[in-house]
1. In bins 10 Å wide, starting from 0, what share of all Cα pairs of the stretch 54-187 does each bin hold, as a percent?
2. Can you pull the one-decimal nm distance between simple spin-label points at F181 and Q107, each 7 Å off the Cα toward Cβ?
3. Rg over Rh of the stretch 1-82, using C-alpha atoms and the Kirkwood radius, what does it come to?
4. What value in Å³ per residue do you get for the convex hull of the alpha-carbon atoms in the chain?
5. Sticking with the crude label model, points 7 Å out along Cα→Cβ, report the distance from Y232 to S162 in nm, one decimal please.
6. Out of the total accessible area of the chain (probe 1.4 Å, heavy atoms of protein only), what percent is carbon and sulfur?
7. Keeping every protein chain present and rolling a 1.4 Å probe, give me the accessible area per residue for the chain in Å².
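The values are calculated or read from the model by the stated rules, or taken from the named source; none is laboratory data. In this text the structure is predicted, and so the values were computed from the model without any measurement. Here Cβ is always computed from backbone atoms with ideal geometry, including for glycine, and neighbour counts include all displayed protein chains. Protein only, heavy atoms only, side chains kept; ligands, DNA and RNA dropped before computing areas. Shrake-Rupley method; radii C 1.70, N 1.55, O 1.52, S 1.80 Å.
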Amino acid sequence: MTYYTIAPPVSLSAYVRFFWVLESDQPYCHRSMADGCSEMVFHYKGVFDEITMPNRVERSFTSGLHGPSQNYRRFITNESFGIFGVYLYPFAIPKLFSMPTCEISDQVPDLQTIFGAEGRELEEKMMVAKNNSQRVVILSSFLERKLMAVNRKQPAFSSVISDIIHSMGLASVNELAKRSFLSVRQFERNFKLFSGFNPKLYTRIIRFQMATRQYGHVKRSLTDIAYDCGYYDQSHFIHDFKQFSGYHPKQYFSGEAEGVDPIATGRKDSSN
């Protein structure tokens, strides 16, 4: 299996964390976990089915927009595959696509549903591209056109959400509201529009994602991981981990969990 990331052009770096590629010549079962960011995904080779219930599968999209999520999902393919994605800050959704982020929270609509004929055209270009370098150019051009069509000023909440993402979710709602010069109620309402979730749930998801990045550190105890990621105790850590991944953390960190890959393990990327 091959996984790598590609830095976005400077013109998009305020909204795009990175582009990513996942390829394999083997059948595979992938588990997507709770995530505080969003992404556009293109299956340019192979087809995945989503396992929605035991013994029940549904065909997944060829291209789609994955909103911030608090749930885990399972996907399977019995053939070789290639996936290209762009990992977006959640506030990129209202800025680039003129919709509140909360409208696609826990949703995975296909691109034609979101963009109509424009989405179908983008999908076709991404499918026939000669390589992933060309896909970066195609998708960057699409996103840059979206950005040019709106006011270039960044949303006021972008810095708040970015700080939460990069500080492991260790933030007080009261402090964040005060920093934004809003009442707690006003802050929570506006925060959800740009992040997809209320501040308390969002910070829990970010802490969980930071914990998954400890995968591979075999000498660390669950207690150490829990405290380093801002959990008050191990029981809260276990509760959140099971809710957001479907795994007990002991099973996950054992290396025996299904679908544990660089995408699942906290979006491993050195620059973001």
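1. Pair shares across the bins are 9, 32, 34, 18, 6, 0.
2. 3.3
3. Numbers: Rg = 13.8 Å, Rh = 14.0 Å.
Over the Cα atoms of the stretch 1-82, Rg/Rh equals 0.99.
4. Numbers: hull volume 35.1 nm³, N = 272.
Convex hull volume per residue, Cα atoms: 129 Å³.
5. With each label point 7 Å from Cα toward Cβ, the separation is 3.2 nm.
6. 49
7. On the way: 12980 Å² over 272 residues.
For the chain, the solvent-accessible area averages 48 Å² per residue.
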